[in-house]
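My structure is below; once you've seen it, I'll send some questions.
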């Protein structure tokens, strides 16, 4: 029976060698990628930053800087497998606030529009909880 892991064949020096990327490691990499790129987009794109600033959060400029900092630092911690439990806690908070502020109001349009627009946020939240429980 095969283990639940991805097998990546790499060609190196004329020989094929197998490198196993565990599921947990893959999840950490994917979650880190999402948060680091999200932070970079908030930092580099005025459109994304202005969208964030227009969400109606208190102290929006301070919140923007705080979220960029947390997404970057916690994403890097996940990437290098350091303090994973401590790193996912603020990210879980960010995802809960993101759902409450940007997705829950869509429930006025019905459950299906909410479910469609919230699907990625919910998946990220589930993956963060999974990483916390490791």
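Just so it is clear, none of the values below were taken in a lab; they were calculated from the coordinates. Values in this document were obtained by computation on a predicted structure and should not be read as measured data. Cβ coordinates were reconstructed from backbone atoms using ideal geometry, including for glycine residues, and neighbour counts include every protein chain displayed.
What number of residues within region 95-120 satisfy the criterion of being farther than 24 Å from residue 133 by Cα and without any contact (Cβ under 8 Å) to a residue 40 or more places away in the chain?
Looking only at that region, the number is 15.
Is region 106-118 home to any residue that is under 20 Å from residue 66 (Cα atoms) and either in contact with a strand residue (DSSP E or B) (Cβ under 7 Å, 6 or more places away or on another chain) or surrounded by 11 or more Cβ atoms within 10 Å (Cβ to Cβ) (or both)?
No, every residue in region 106-118 fails to be under 20 Å from residue 66 (Cα atoms) and either in contact with a strand residue (DSSP E or B) (Cβ under 7 Å, 6 or more places away or on another chain) or surrounded by 11 or more Cβ atoms within 10 Å (Cβ to Cβ) (or both).
Given (1) surrounded by 12 or more Cβ atoms within 10 Å (Cβ to Cβ); (2) touching a helix residue (DSSP H, G or I) at 6+ places or on another chain (Cβ under 9 Å), identify the lone condition not met by residue 82.
For residue 82, the failing item is (1).
Give the number of residues within region 85-94 that are more than 15 Å from residue 36 (Cα to Cα) and in contact (Cβ under 8 Å) with a residue 24 or more places away in the chain.
2
Any residue at all in region 53-62 that is closer than 24 Å to residue 30 by Cα and surrounded by 14 or more Cβ atoms within 10 Å (Cβ to Cβ)?
no
For residue 77, state whether it is surrounded by 12 or more Cβ atoms within 10 Å (Cβ to Cβ), in contact (Cβ under 8 Å) with a residue 60 or more places away in the chain and closer than 18 Å to residue 124 by Cβ.
No: the conditions fail for residue 77.
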